[in-house]
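Report on the structure given below.
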Amino acid sequence: MDRIADILVIVDPTIAAAEQPAIAKAHALATRLGAGIELLACDTEYSRETRMAAEWPQTGNAPPGDTLPAMLTRWAAPLRADGIHVETYAITGDSLHESILSWMRNSPADLVVKDTHHHSVAKRTFMSNTDWNLIRACPQPLLLTKPAGWGSPPVFAAAIDTGHANDTLAALDHRLLDVTVTLARRFEAQVHAIHAYFPSTIALAGPGGMPPMVDVSAQAFAAEQEHSRFRIKQLTDEYGIAAANLHVDRGVAAQYIPRVAAECHADLVVM
């Protein structure tokens, strides 16, 4: 894994409390990796209105509000107390993801960390959001983090697929496993590997790309299951991942990965 020397944290200026999930995870990473941290807060119209609304009932008047530089200094204090080099930056912009991406053009960051929130199905389907745009366009690895802390020891999982199109050397899977295992060593974490596949016995039988209603024997399914697991085990053996921590089954990746991650209590999924 390339060395992570600088972590860019996208802080949420609407949260006045000291607890920021992204800062907490970056703190843990920087401590283990010997990295520096950039705290970046982008003041949008929405964030300004949210901060004002939170303070309004307390004052009865439009409040002056805590300035972003002051908030950043407060968030940076515990990190600096632990000997982490921290830079703080406050910018403005009405498109959060565009402001972040523009900032990154001149940032030395090796990793971007941002907290993420649950969105309704309607919002995920019909509305753009910062997380989705960062997933699509972020030029560096992106860690989207939930408020819950990591376990002790934590559990890290890699979502891999030896059947990637145009990736005959499995370079992507090696990259995913390398990152997962390297981080796991720093955190003394358990490592799992997750792989979901669509049975080729069904896919190959269907004309026009549509899987037909065919009678595939249990033996055929079992044989493909064994072959898929064998390929994944060949790959993960190179990284010392225990056979008991391999999760290989037929299914839709978007459903299988979250289910297995929950079952094995994964704190981090690399994909």
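The values are calculated or read from the model by the stated rules, or taken from the named source; none is laboratory data. As the structure is a computational prediction, the values presented were derived from the model and not from experiment. Backbone-built Cβ (ideal geometry, glycine too); neighbour counts: all protein chains shown. For the accessible areas, the whole protein counts, side chains as well, though only heavy atoms, and no ligand, DNA or RNA atoms are used. Shrake-Rupley method; radii C 1.70, N 1.55, O 1.52, S 1.80 Å.
Before moving on, here are some points about what is shown:
- Looking across the stretch 24-46, the residues that are assigned to a helix (DSSP H, G or I), touching a residue at least 60 places away in the same chain (Cβ under 8 Å) and either open to solvent by 40 Å² or more (accessible area, probe 1.4 Å) or not small (Gly, Ala, Ser) (or both) come down to Ala24, Lys25, Leu29, Arg32, Leu33.
- Residue that is surrounded by the fewest Cβ atoms within 10 Å (Cβ to Cβ), among those in the stretch 222-263 that are among the acidic types (Asp, Glu) and at pLDDT below 90: Glu226
- Put simply, of Gly163, Gly93 the only residue that is at pLDDT below 90 and either over 27 Å from His247 (Cβ atoms) or among the β-branched types (Val, Ile, Thr) (or both) is Gly93.
- Neighbours by Cβ (under 7 Å, 6+ apart or cross-chain): first from the stretch 82-94, closer than 16 Å to Ala70 by Cβ; second surrounded by 13 or more Cβ atoms within 10 Å (Cβ to Cβ) and of a type in the set (Ser, Thr, Tyr): Thr88/Thr73; Ile91/Ser99
- Residue check for Ala203: at pLDDT 85 or above and among the aliphatic types (A, V, I, L, M): no
- Residue check for Gln219: modelled with pLDDT of 95 or more, open to solvent by 50 Å² or more (accessible area, probe 1.4 Å) and not hydrophobic (A, V, I, L, M, F, W, C): no
- Residues in the stretch 25-53 that are at pLDDT below 95 and among the hydrophobic types (A, V, I, L, M, F, W, C): Ala41, Cys42, Met52, Ala53.
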